[in-house]
1. Residues of region 224-238 with backbone nitrogen within less than 15 Å of a virtual label 7 Å along the Cα-to-Cβ line of Ala171, please, listed as ranges.
2. Considering only DSSP beta bridges with both partners in region 300-423, what is the antiparallel share in %, to the nearest 5?
3. Using only the alpha-carbon atoms, how far is helix 412-422 inclined from the longest principal axis of the chain? Give it as 0 to 90 degrees, nearest 10.
4. Taking the mean number of other Cβ atoms within 10 Å as a proxy for protection, how do you rank 133-141, 103-111 from highest to lowest?
5. Label Gln386 and Arg440 with points 7 Å out from Cα along Cα→Cβ: what is the distance between them in nm?
6. Figure the gain on full extension for Thr568 and Phe420 (residue separation times 0.36 nm, minus the Cα-Cα span) and round it to one decimal in nm.
7. Over the chain, calculate the relative contact order: mean separation of alpha carbon pairs under 8 Å at least 6 apart, over the residue count, as a percent.
8. Determine ³J(HN,Hα), in whole Hz, for all residues of region 52-62 in sequence, where each value follows from phi through the Karplus function 6.51 cos²θ - 1.76 cosθ + 1.60 and θ = phi - 60°; x replaces Gly and Pro.
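The values are calculated or read from the model by the stated rules, or taken from the named source; none is laboratory data. Just so it is clear, the structure is predicted and the values come from calculations on it, not from any experiment. Here the Cβ positions follow ideal geometry from the backbone for every residue, glycine too, while neighbour counts run over all protein chains shown. Ligands, DNA and RNA are stripped out before the accessible areas are found, and what is left, the full protein with its side chains, is counted by its heavy atoms. Shrake-Rupley method; radii C 1.70, N 1.55, O 1.52, S 1.80 Å.
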Amino acid sequence: MHFVGVDLAWGERRPTGLAVLDDAGQLVHLASVVTDEEIVASLEPYTDDACVVALDAPLVVTNPTGNRPAERALNKVFAAFDAGAHPVNTGRAEFAEQPRGARLAERLGLDLDPASSRTRRAIEVYPHAATISLFRLGRTLKYKQKTGRGLEQLRAELLVLLGLVESLATADPPLVLDPPAAPDAWAQLRTAVETAGRKSDLRVAEDQVDAVVCAYVALFATRRPEETATFGDAATGAIVTPALPEGHSPAKRGRRRTPVADPGTAVREYAEQLPALRAATTEWVDLVRAMLDDAGINYLTVDGRAKSLSSFAAKATRLVDGVPAFSDPLRQIHDQVGLRVITYVESDVQAVVDVLTDQVSVLDDRDMGVETASEGRFGYSSRHLQIGLDATRDAERPQLAGRSAQVQVRTVLQHAWAEFEHDIRYKGSIPEEHAPDLDRRFTLAAGLLELADREFSMIRERLMSPGETGGDLEESLDQELSADPRITPRELAAFLAGQYADAGWSRTDHYAWIGALALELGITSLRELGEVIRSVDADLLASRMGYRYPPGAVRRLDDALLWTYGDTYVQLRDNSHRVDSLRARLAKMRGE
């Protein structure tokens, strides 16, 4: 059996949205067409056998003026939610003769009686009323074009509806929007909404979303007739919709946020805040990179993103057992600003966490690997921190005032597993019969990668141990006769591994950077650099600095040069971007 949704345009010049669900609630067809011939041709393959076709259009109109009995009855229940139906009568040209919906039903050979027991029938539905009942909205979403509504407002409202429709995946009956037969149709529709450059583009997408709602109403009415309401009758016209839940009331008007009922308010406010969130994301990325670079921590990448409007809308409208997952999405969805730090080995994950803990406020810290292991299994492993600036530092970075960020810190191997698993499990379609085997394979891969992470850590620890740096480099210093006076990054990395055996490795590009600073000071050989390092009272320096995290080798050398050369080092050309931080560090070294 098929359940067909038709968001029917009132004329043959505007697009009509079509959607078809199979007996399992899977979306098998989605289209936008214009003429009656195109509609019939598109739907005939799905209506030649048992079907219910739900049309958002009048099928029976007999009254010469005013409302039909169906509109009057529906409006008594739904008008307070802004979901009242417009008057339909034969005084209007489009209904003076046979309505377009009735003509199409006749061509498809469908029975128009909503109470009919025939296997091929048509029903009239009204998506606005359906969304109030299905999603417990306080008022209708304002995604329809009207004077004064801009493109972004319409997009935001339609994205809320997309998220709500997607939440029906866990409803009864379930709606499956990415079945194997048509895995990309809904995703392409969402992309069309996200990228629409004109209101007319949104309108085409909107019609198809409404068609999916219509098709689901047909499915709902068939599977849950006791929770379905019919307004009017077969003789004068009837509208079928999911019944209003008992006790559900309309939201109060105005900008005041309702406790649960209206996720559209949160999405609209999020859309307004998105430009500021994007600026804050850039600021957070720059700050975290600067902190890790300053600490000499070795990392692969630091990147970030502001949560997209569509992603926020999908999360804000998520239902759990029929109840909204978030009563206040703007405050409860914490990854609006998301950062990710990728390191090479596990020990660097903790080093990153230590730096963040030392320099910003850590509001929450979850070790997902520990949580997974506590359940006796291998799987997702990552450190999740919620960070923010202390209120006393708001003046330093006003764009971050009151804006926290969620930071994921994990190794490159953990990241590879997480990304691949997410793509397969959440973006692909796993046949149910293959799910247990794939779960086992993902678990096995997670265990192997955890072992690989440990081996990489052991390799680095071995290389950092005294006597394991490939021999005493100073024996070959007399052979440094190259015309290039700079110390190469490779030489410097090996040299510092011997000088600071307990320090972590630093980023590759940082060795070149600190080598250039040494050259500005006139240091052109490892022998000269070694003499500078030996002149420093390392214990006193460490005591003055009070490191709360293990500084990398480049940071250790950076501090040694600052300790030795003082203001001269601060004023080097390549230090011009960090004069203030170096002066603060120098004052700390001097005990000021």
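1. 224-229
2. Taking every DSSP beta bridge with both residues in region 300-423, the antiparallel ones total about 75 percent.
3. It works out to around 0 degrees.
4. Highest-to-lowest ranking by the protection proxy: 133-141, 103-111.
5. For Gln386 paired with Arg440, the spin-label model returns 3.9 nm.
6. Stretched fully, the Thr568-Phe420 segment lengthens by 48.3 nm.
7. In percent, rounded to a whole number, it is 12.
8. Each residue's phi maps through the Karplus curve to give 10, 9, 9, 10, 7, 5, x, 10, 10, 9, 10 Hz.
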